[in-house]
Every structure is written in structure tokens, then in C-alpha cells.
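Contents: one structure, followed by commentary.
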Number of protein chains: 2
Amino acid sequence: MAEGRANAPVARRSNVRGEATRARLLAAALDTFAVQGYHGTGTRDIADEAGISQAAMFVHYSTKEDLLFQLAVDGHRTIVEIVREAAARKGTAAEKLSAVVRDHSRYHAQFQKQARVVNFEIGALTREHREEISRYRRELESIVRGILIEGVQSGDFRVVDLPMTALALLSLGFDVCRWYREDGIWTIEEIGDRYQEMALRIVGCS
Amino acid sequence: MAEGRANAPVARRSNVRGEATRARLLAAALDTFAVQGYHGTGTRDIADEAGISQAAMFVHYSTKEDLLFQLAVDGHRTIVEIVREAAARKGTAAEKLSAVVRDHSRYHAQFQKQARVVNFEIGALTREHREEISRYRRELESIVRGILIEGVQSGDFRVVDLPMTALALLSLGFDVCRWYREDGIWTIEEIGDRYQEMALRIVGCS
């Protein structure tokens with residue numbers, strides 16, 4: 001008991017340090033995956049980029065796949081949160097859909113590096129991890145379907161196939177991380193604006 | 001000269017056999033990449049799947065990346081051809097756009113395995129090879145932009161941002177290979193039909 005109390009601050013300090021190391025490793029993994037691809041990256045590259053030894057890295061992440069999975073979980077949690085917040089705003093279904101599509105497409109431009117790794121390297125995850133990521137994807141679809149139902153019931157939307165329309169609306173945003181260029185002709189705001197206009201057209205509300 | 005003539009049929013026979021071996025290797029690479037991912041596949045897996053020795057395989061493809069690149073070139077040539085043919089039909093811009101989006105989305109469902117490898121494993125290509133694939137992507141965009149220009153000029157389409165709309169219309173089809181399920185609720189024809197309806201709405205023509 002006395003020993004436990006004496007150790008507590010040390011344990012906490014070591015936890016904090018552990019958090020910082022994990023964050024550094026994730027940032028290093030993201031950067032190296034983005035440049036060299038998951039396939040072209042070795043665990044040594046990640047440890048070097050993070051400025052720590054491979055041995056120290058393995059304390060936190062035992063495989064390269066662990067790092068990719070953590071990045072995929074973090075990325076998907078963020079996007080689900082963004083979409084959930086946009087969908088939860090007060091207003092008409094059209095206003096909610098606009099906010100969702102605008103924020104979803106903006107995210108895929110603004111956090112292109114993360115979105116690309118998370119969307120395009122996902123095939124490297126284990127089957128179990130891929131299924132866990134699929135749950136986030138289904139949650140996204142379910143939020144968008146909810147807005148479509150609301151819009152159809154209020155008479156604002158004309159939608160032939162509700163689940164397929166939800167998938168298509170999300171496809172628009174996902175693919176932005178493939179084609180977006182930082183030095184391209186559009187700002188992130190313009191992409192969000194155009195995409196929300198297209199979304200309203202898709203649901204027959206513009 | 002006499003020797004050349006005598007050897008010609010042999011050379012031709014060996015070419016034909018070479019073609020068949022290359023086709024077998026490409027099919028084997030596609031199948032193993034689709035199941036195990038590019039990253040999780042070894043050259044031995046591909047040779048085994050094709051039923052030939054690794055040594056014989058290296059006569060045709062010296063690296064795993066060569067196989068992926070050939071698959072990516074073949075897949076992109078096919079999709080460019082499909083889209084070009086759909087765009088070349090007689091009719092209004094709306095009819096052409098319908099045909100393009102229908103055939104493009106259908107392809108990504110029907111040839112899902114190929115489309116997934118070609119779209120999602122592309123990060124594993126060398127920079128040079130990735131740039132070559134980008135040329136096919138730009139050709140696709142240019143065909144769709146051509147139809148949009150035609151529709152805007154004829155007054156059938158109302159499009160705010162023509163190049164971005166072309167990108168979005170292609171995004172819809174690309175992403176079908178991510179979510180399509182053979183045992184899902186939609187046939188490939190239904191996907192094509194719904195997607196062409198959504199495309200016409202996006203361009204303000206429905």
C-alpha cells in the first residue's frame with residue numbers, strides 16, 4: 001500500500017512519457033507510410049523518423065500493422081466525430097446534409113496525408129482489424145441515411161434509393177483525398193462549397 | 001537468312017507460349033493481391049498460384065511491382081476504353097453522360113477484384129509508374145469534361161464548376177469497388193441505373 005502510493009507519481013510520469021512516445025511513433029509512421037507507402041516502409045524507418053530505437057518502439061507497437069491500425073482507428077474516429085457533429089446541428093435536413101458533406105469533403109482535402117493512408121493502405125490490415133474499421137464506415141453510412149430519411153419524410157428530398165444515395169454521398173468525400181492538390185486550383189473551402197451543392201442536387205433539393 | 005527462316009515458327013510458338021504464361025502470372029498476381037494484399041504477397045505465392053517456377057516467372061516479370069504495374073495499366077486501359085466508347089455514342093450530352101456513368105460504375109462492381117487492386121494498391125507502385133497511371137486518370141477526366149462542356153453549351157446542363165464536377169462524377173464510380181458486395185441488395189444493373197440518375201441530377205439535368 002505504502003509502496004503503491006510512493007510509486008504512483010512515477011507511474012504517471014512514465015505514462016505521460018509513454019503517450020508522447022506513442023504520438024511521436026504514430027506521426028512518424030504516418031509520414032513514412034505517406035511517402036514510401038506502407039509496403040515500402042520498414043519498422044526501422046519509422047523508429048528512425050521518430051528518433052527512438054527499434055527496441056523502444058516495440059514496447060509500444062509490436063508490429064508495423066499495429067501502427068497502421070492505430071492510425072486507421074484514429075482517422076476513422078475523427079471523421080465519424082466530424083460527421084456526427086455536423087449531423088447533430090439544429091436545422092432542416094438540407095442544412096444538416098450540407099454541413100455533413102461540406103465537412104466530410106473538407107477533411108479529406110485538409111488531412112489528405114492521413115486520409116490517403118487510412119483509405120488506401122487499409123488492405124494491409126489483418127482481417128480482424130479491417131472488420132473493426134468497417135464498423136466505423138457503417139456508422140458513417142448510418143448517420144447519412146438518418147439525414148436522408150428526415151429529408152424524405154419532410155418532403156424536402158426526393159431520393160430513389162436511400163442506402164445507395166448515402167454511399168454515393170460519402171464516396172464523393174472519400175475520393176477527394178485522391179485527387180486534391182495543395183497547389184491546385186481550388187481552396188479547401190471551395191471544395192466544401194461545391195460538394196455541398198452537388199449533394200443537394202443528388203437528393204433533389206436545389 | 002535460311003537459319004532465320006527456319007527459326008521463325010519456333011520463335012512464334014515460343015511467343016505464344018510466353019503470352020499464355022504472362023496471362024497466367026497476371027491472373028495469379030491479381031488473385032493473390034486481392035486476397036492477401038500486395039504487401040502480404042510474395043513472388044513465390046504468385047508463382048505457386050500460377051503453377052510455374054519462380055525462375056520461369058522472373059523471365060517475364062522481374063519484380064512483384066512489375067506485375068502490379070501491368071495489372072494497373074491493363075485495368076486503366078480497359079476503363080478508359082469503356083468510358084471513351086460510352087462517350088462516343090450518338091445522342092445528347094445527357095445520354096452520353098448517362099452511358100459513361102452507368103458503364104463506369106458497373107465496371108467497378110463487375111470487376112471489383114481488379115478495380116480494388118488497381119485503385120487501392122497503387123501506392124506500392126514506383127513514382128515513375130504511378131505517374132504513368134496518372135495519365136490514364138487525366139484522360140478519363142478529360143473525356144467527362146468534354147461531355148460537360150457539350151451539355152453546358154447546349155443548355156442541357158447547369159454546372160457551377162466543370163472540372164470539379166468531372167472529378168466528382170468519376171469519384172462515384174471508383175468508390176463502388178470499395179462498397180459493392182456480390183451478395184448485397186443491388187444488382188450491377190441497378191447500381192448503374194441509380195448512378196446515372198444521380199449523375200444527371202449533379203449536372204442539373206433531371
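Restricted to the stretch B:176-206, and to residues that are among the polar types (S, T, N, Q) and not in a helix (DSSP H, G or I), which residue is farthest from the other protein chains (Cβ to nearest Cβ)? Steps first, answer last, please.
Pass one, the stretch B:176-206, residues among the polar types (S, T, N, Q): B:187, B:196, B:206.
If we keep only those that are not in a helix (DSSP H, G or I) as well, we get B:187, B:206.
Values: B:T187: 12, B:S206: 8 Å.
Across the stretch B:176-206, the extreme among qualifying residues is B:T187.
For the structure I just gave you, tell me whether A:V144 is touching a Ser or Thr at 6+ places or on another chain (Cβ under 8 Å) and either surrounded by fewer than 16 Cβ atoms within 10 Å (Cβ to Cβ) or of a type in the set (A, V, I, L, M) (or both).
Values: touching a Ser or Thr at 6+ places or on another chain (Cβ under 8 Å): no; either surrounded by fewer than 16 Cβ atoms within 10 Å (Cβ to Cβ) or of a type in the set (A, V, I, L, M) (or both): yes.
So A:V144 fails the test.
For the stretch A:172-206, which positions are touching a residue at least 24 places away in the same chain (Cβ under 8 Å), among the hydroxyl-bearing types (S, T, Y) and more than 16 Å from B:E141 (Cα to Cα)?
A:Y195
Can you pull out the residues in the stretch B:155-164 that are modelled with pLDDT of 95 or more and within 7 Å of chain A (Cβ to nearest Cβ)?
Filtering the stretch B:155-164 for residues modelled with pLDDT of 95 or more gives B:155-159, B:161-164.
Selection gives B:D161, B:M164.
Can you tell me which of A:R89, A:R102 is in the same structural domain as A:N119 (by TED's automatic domain parsing) and not in a helix (DSSP H, G or I)?
On the way: A:R102 fails: not in a helix (DSSP H, G or I).
Checking each option against the conditions leaves just A:R89.
Out of the stretch B:104-118, which residues are facing chain A (nearest Cβ under 10 Å), modelled with pLDDT under 95 and under 19 Å from B:G192 (Cα atoms)? Let's see the steps before the verdict.
Step one: of the stretch B:104-118, the residues facing chain A (nearest Cβ under 10 Å) are B:105, B:116-117.
This time we only want the ones that are modelled with pLDDT under 95, so: B:116-117.
B:R116 - this is the single residue of the stretch B:104-118 that is facing chain A (nearest Cβ under 10 Å), modelled with pLDDT under 95 and under 19 Å from B:G192 (Cα atoms).
Kindly check whether there is at least one residue in the stretch A:131-138 that is more than 30 Å from A:Q36 (Cβ to Cβ) and either out of contact with any helix residue (DSSP H, G or I) (no Cβ under 8 Å at 6 or more places or on another chain) or more than 9 Å from chain B (Cβ to nearest Cβ) (or both). Explain how you work it out, then say what you get.
Quick first cut of the stretch A:131-138, residues more than 30 Å from A:Q36 (Cβ to Cβ) only: A:138.
Cutting the leftovers down to either out of contact with any helix residue (DSSP H, G or I) (no Cβ under 8 Å at 6 or more places or on another chain) or more than 9 Å from chain B (Cβ to nearest Cβ) (or both) gives us A:138.
There is at least one residue in the stretch A:131-138 that is more than 30 Å from A:Q36 (Cβ to Cβ) and either out of contact with any helix residue (DSSP H, G or I) (no Cβ under 8 Å at 6 or more places or on another chain) or more than 9 Å from chain B (Cβ to nearest Cβ) (or both).
Name the residue, out of B:G173, B:G75, that is surrounded by 17 or more Cβ atoms within 10 Å (Cβ to Cβ) and either in contact with a Cys (Cβ under 8 Å, 6 or more places away or on another chain) or within 14 Å of chain A (Cβ to nearest Cβ) (or both). Outline the logic, then answer.
On the way: B:G75 fails: either in contact with a Cys (Cβ under 8 Å, 6 or more places away or on another chain) or within 14 Å of chain A (Cβ to nearest Cβ) (or both).
The unique qualifying residue is B:G173.
Please tell me if B:D66 is closer than 19 Å to B:A28 by Cα and more than 12 Å from chain A (Cβ to nearest Cβ).
Numbers: closer than 19 Å to B:A28 by Cα: yes; more than 12 Å from chain A (Cβ to nearest Cβ): yes.
For B:D66, the condition - closer than 19 Å to B:A28 by Cα and more than 12 Å from chain A (Cβ to nearest Cβ) - is met.
On the basis of being at pLDDT 95 or above, more than 18 Å from B:I122 (Cβ to Cβ) and more than 20 Å from the chain's Cα centre (by Cα), does B:A56 make the cut?
Values: at pLDDT 95 or above: no; more than 18 Å from B:I122 (Cβ to Cβ): yes; more than 20 Å from the chain's Cα centre (by Cα): yes.
Against the criterion (at pLDDT 95 or above, more than 18 Å from B:I122 (Cβ to Cβ) and more than 20 Å from the chain's Cα centre (by Cα)), B:A56 does not qualify.
What about B:L167, is it assigned to a helix (DSSP H, G or I) and under 22 Å from the mean Cα position of the chain (by Cα)?
Details: assigned to a helix (DSSP H, G or I): yes; under 22 Å from the mean Cα position of the chain (by Cα): yes.
So B:L167 passes the test.
Quick check on the stretch B:152-168: of everything there that is without any contact (Cβ under 8 Å) to a residue 12 or more places away in the chain and exposed (fewer than 15 other Cβ atoms within 10 Å of the Cβ), which residue is farthest from A:S206 (Cα to Cα)?
B:Q153
When the residues of the stretch B:119-142 are narrowed to those that are of a type outside the set (A, V, I, L, M, F, W, C) and not in a helix (DSSP H, G or I), which ends up modelled with the lowest pLDDT? Before the answer, list the steps.
To start, the set of residues in the stretch B:119-142 that are of a type outside the set (A, V, I, L, M, F, W, C) comprises B:119, B:121, B:123, B:126-132, B:134-139, B:141-142.
Still in the list and also not in a helix (DSSP H, G or I): B:121, B:126.
Numbers: B:E121: 83, B:T126: 88.
Step by step, filter the stretch B:119-142, then rank; the result is B:E121.
The values are calculated or read from the model by the stated rules, or taken from the named source; none is laboratory data. All values reported here derive from a predicted model rather than from experimental measurement. Glycine also receives a Cβ, built like all others from the backbone with ideal geometry; neighbour counts cover every protein chain displayed.
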